[in-house]
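Read the structure below first, then the notes.
The values are calculated or read from the model by the stated rules, or taken from the named source; none is laboratory data. Keep in mind it's a predicted model, so treat the numbers as computed, not measured. Neighbour counts run over all protein chains shown; Cβ positions are idealised from the backbone, glycine included. Protein only, heavy atoms only, side chains kept; ligands, DNA and RNA dropped before computing areas. Shrake-Rupley method; radii C 1.70, N 1.55, O 1.52, S 1.80 Å.
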Amino acid sequence: ICVLEPVKFTRDEVDHLMSPRGDRDAEESFFTMLTDADTLGALIRPDVSVLPAIGARVERLCAEENLFGQDLLHRARRAVEQARYLADRYHVIVANPPYMGGKNMEKGLVAKLKERYPETKADLFSAFVQRSSELSVRLGFVGIMSPNVWMYIASHEKLRKIITGFRIETLV
């Protein structure tokens, strides 16, 4: 179990953490992805292609740094740790995602859902259902407490198409 918490870096800190020959955009995106972890939680999708290099870079910096850089490196290690949890696949996922329609979301959350979860942006819980399907291994089990609106409301049609790829054992 990993409790996702926001991890924030200043521009100078991100520059310090960058790999000399790495993909600057991908690494910058990595170090800013957890800014809203308390809101987005498991909806965050880390770029797994940069995770090994960033993890190695952070560990190299930890070996080199003095006392003054410890706070930065602690946060960087925490970012890598949380990203690993978000990048992994699981045999069992159990969730009680928040139920919130787009009309009740703040503008920043609406924008992020539109960008990252265009198929399931109608409600926050449906984005979590989609993400749970991504986090599950093939033939894994996903248990989600959700309202039944996804079964018949038109705005959840794309979610129903995502779910058709899975076997529903129990629906209560």
Just subtract the alpha-carbon distance of THR170 and ASP25 from 0.36 nm times their residue separation and send over the number in nm, one decimal.
-> 47.9 nm
With a cut-off of at most 15 other beta carbons within 10 Å, and DSSP calling the residue loop, which chymotrypsin sites (Phe, Trp or Tyr not before Pro) in region 1-110 qualify? Please list them.
-> TYR99
At most 12 other Cβ atoms within 10 Å and a DSSP loop assignment: could you name the trypsin sites (Lys or Arg not before Pro) in region 1-86 that fit?
-> ARG21
If you plug each phi of region 149-155 into the Karplus form 6.51 cos²θ - 1.76 cosθ + 1.60 with θ = phi - 60°, what whole-Hz ³J(HN,Hα) values come out, in order, with x for Gly and Pro?
-> 4, 5, 7, 9, 7, 4, 5
State the number of lysine pairs found in the chain whose Cα atoms come within less than 24 Å, restricting to pairs 8 or more positions apart or on distinct chains.
-> 17
Inter-part distance where region 15-44 and region 67-140 are each reduced to a Cα centre, Å | 14
How large, in percent, is the carbon and sulfur part of the accessible surface of the chain at a probe radius of 1.4 Å?
-> 55
Farthest positive-ward along the chain dipole, Cα basis, beta-carbon charges - from GLY108, LEU34, GLY22 | GLY108
Using the heavy atoms of the protein chains and a 1.4 angstrom probe, tell me the accessible area per residue for region 36-82 in square angstrom.
-> 53
Electrostatic dipole magnitude of the chain [Cβ: Lys, Arg +1; Asp, Glu -1; Cα centre; debye, to 20] | 700
Using a simple spin-label model with points 7 Å from Cα along the Cα→Cβ vector, what separation in nm is obtained for LEU139 and THR32?
-> 4.2
Projected label distance in nm at ALA154 and TYR99, using a 7 Å step from Cα toward the beta-carbon | 2.2
Anything in the chain that counts as a DSSP H helix reaching 15 Å or more along its axis (C-alpha) with Kyte-Doolittle mean of at least -0.5? List them, would you?
-> 51-64, 124-135
Of all trypsin sites (Lys or Arg not before Pro) in region 88-127, which ones are in loop regions per DSSP and have a Cβ with at most 12 other Cβ atoms within 10 Å?
-> ARG89
